[in-house]
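Here's the structure, in structure tokens; my notes come after.
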Amino acid sequence: MNFLDELYLENKMSGTSTGTTWLSGKSKKHLLVSSPVDGETFAHIRKATVENYEEVLGQANKAFPVWRSLPAPRRGEIVRQIGLRLRDFKLPLGTLIAYETGKTLQEGLGEVQEVIDICDYCVGQSRMLYGMTTVSERPDHRLFEQYHPLGIAAIITAFNFPMALWGWNAMIAAICGNVTIWKPSSRAPVSAIALQKIVARVLEQNDLPEGIFSLIIGDRDTIGERILEDGRIPLVSFTGSAVAGRVTAGKVGRRLGKTILELGGNNGIIITEHADLKLAVPAVVFGAVGTSGQRCTTTRRLFIHESRYEEVKAHLCRAYARLKIGNPLLEANHMGPLIDKNAVKAYQKAVKNISKQGGTIIFGGNVLKGDEYPSQCYVEPTLAEVADHLPIVREETFAPILYLIKYKGGVEQAIALNNEVDQGLSSAIFSTNHNQIETFLSAKGSDCGIANVNLGTSGAEIGGAFGGEKDTGGGRECGSDAWKNYMRRQTVTINYGTTLPLAQGIRFDIE
Ligand code: NAD
């Protein structure tokens, strides 16, 4: 496969790098990586040992004082060069993402573009790590805040955005002066190795030491959990399921480390009686089937006003019938496979539960069989009519299953339905009615971290802070002031006078 050669990827590779050096280690354990597109095993990755882990930590510790002493805009310049190099490799990188995860080539290319965009964003941000200045209550005193890097930031990522999640975290952490250790998902590790090779070239060209950007691929118990418990790592940015997020919060919390948690979603769209269906229908379809329903922001619940219900249902059934499912590297296909057979099992279980719990599958519900679907990971995008209270509706099934739920009454009713699940990531309303839109955006409106109007739940731009509330973890990454999460805040008071007045007017005379 040409794209693997273009990215200098071999069939057998180490999964651990301190920057430019790949650690060989004594590990006999290999991770066999197969593609959900064709089921072929295309990489054998040597898993990290505990000794490899210690080497990575040691190099990161040594690199931190060097990296933090570079002026932030100089760190931004390194990130700029990473972005330039990514541009040169956009096509093979996008192809690799599609082949490794099963998302479409368009989405794979979009993901690389997202990393390029975040690099560009970080170049500017590296000149804007500003703190607030305020007034002191004491005479001849100055009060202000400043931000300093934390040290080693560990980045643990989910399989579904095998490059973007690193970009969001590592590029921001880097301009803030941190060194990073990335533990990617074992379900999409080759994308991580490809990125590391690109970064390595930039580190080499700039004569930078080992330990600034490290990669470690290994088992959960030897590597993943070790990171969570390691007091040398002040920040763990974790993206994954709520179940694993709880473990992360517990273990890092016990040692009073910092976490950024980006966990699962169960995202809803409200279609009111005033919706423009020309906008709503394509947004719902892309939101529900894009990335085969494996985005944290995938549309899973659709609340349709009773007056528009049959119309929306008919539109969706027509659109679903036109969807082409197959090899995601072929431009004509809208949807590729799920990530692996376990994901297919979860899809099948959910489909069974929908019927068992009283819902009705109105489209799809089957695993696709035949020569066109060699990996046995392809499923039909699925529409189900359900009552909102079904337990299955409250779960995040990471698959293209969309629940159609009819609501009566005002927009408040739909908002209540949207808010009643545990997750709180993304939400949207389709309406042309000002009152409904503003109610949705008000304090009594959507309780999610993302609230969109007349666009779908997925496909966030990098300029905003990304993340969600409740079981989604409360973390924020990417744009806006999310960079502050990667730094420690320091409040500084300077006395430039000749007396020592105490705050709150407290008197303490020792003469
Ligand atoms: P997952 O929870 O199985 O794994 C995520 C990462 O955590 C992997 O690298 C995995 O190896 C690691 N991990 C899991 N348990 C661990 C433990 N005990 N200790 C240390 N590391 C551990 O998630 P997944 O199946 O890869 O991804 C899908 C999930 O991620 C979905 O719930 C999705 O909504 C969520 N997600 C959230 C966002 C967001 O920004 N909110 C983005 C992408 C994906």
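See the values below:
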{"quantity": "Rg(Cα) / (2.2 N^0.38 Å) computed for the chain, rounded to two decimals", "calculated": "1.04"}
{"quantity": "Segment 138-269, dipole about Cα centre (Lys/Arg Cβ +1, Asp/Glu Cβ -1), debye to the nearest 20", "calculated": "320"}
{"quantity": "Net charge dipole size for the chain [Lys, Arg +1 and Asp, Glu -1 on Cβ; Debye, nearest 20]", "calculated": "800"}
{"quantity": "Relative contact order (%) - criterion: Cα under 8 Å, at least six apart; region: segment 1-68", "calculated": "30"}
{"quantity": "Charge dipole (the chain, unit charges on Cβ, about Cα centre) - positive-most of His334, Ser458, Pro209", "calculated": "Pro209"}
{"quantity": "Along the chain, longest interval not containing exposed trypsin sites (Lys or Arg not before Pro), exposed being DSSP loop plus at most 15 other Cβ atoms within 10 Å", "calculated": "128-231"}
{"quantity": "Charge dipole (the chain, unit charges on Cβ, about Cα centre) - positive-most of Val312, Trp67, Val123", "calculated": "Trp67"}
{"quantity": "Within the chain, helix-based [θ] at 222 nm, where runs of 4 or more DSSP H residues each add -39,500 (n - 2.57), nearest 500", "calculated": "-10500 deg cm²/dmol"}
{"quantity": "Mean Kyte hydropathy of 0.5 or more with a Cα span along the axis of at least 24 Å, helices from DSSP in the chain", "calculated": "189-205"}
{"quantity": "Cα centre as origin, Lys/Arg/Asp/Glu Cβ charges: segment 267-461 dipole, Debye", "calculated": "500"}
{"quantity": "Rounded D (µm²/s) - segment 267-461, Kirkwood Rh over Cα pairs, Stokes-Einstein at 4 °C, 1.567 mPa s", "calculated": "78"}
{"quantity": "Given charges at Cβ of Lys, Arg, Asp, Glu: segment 267-461 dipole, positive-most of Tyr373, Gly268, Tyr403", "calculated": "Tyr373"}
{"quantity": "Contact order normalised by residue count of segment 267-461, Cα under 8 Å, 6+ apart, percent", "calculated": "30"}
{"quantity": "Net charge of neighbours whose Cβ lies under 15 Å from the Cβ of Gly131, counting Lys and Arg as +1 and Asp and Glu as -1", "calculated": "+3"}
{"quantity": "Entries in Lys197/Lys341; Lys28/Lys90; Lys47/Lys183; Lys12/Lys183; Lys313/Lys352; Lys47/Lys197 that, when Cα-Cα distance is taken, lie over 23 Å", "calculated": "Lys197/Lys341; Lys28/Lys90"}
{"quantity": "Euclidean distance of C-alpha centroids, segment 57-106 and segment 114-169, integer Å", "calculated": "16"}
{"quantity": "Cross-link partners of Lys408 among aspartates and glutamates (Cα-Cα below 18 Å; sequence separation of 8 or more within a chain)", "calculated": "Glu273, Glu306, Glu310, Glu311, Glu385, Asp388, Glu420"}
{"quantity": "Computed P(r) (all Cα pairs; segment 63-195; 5 Å bins; percent)", "calculated": "2, 11, 18, 19, 16, 12, 9, 5, 3, 2, 2, 1, 0"}
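Every read-out reported here was derived from the displayed coordinates using simple, explicitly stated rules and does not represent laboratory data. As the structure is a computational prediction, the values presented were derived from the model and not from experiment. Don't worry about glycine lacking a Cβ; one is built from the backbone with ideal geometry, like all the others, and counts go over all protein chains shown.
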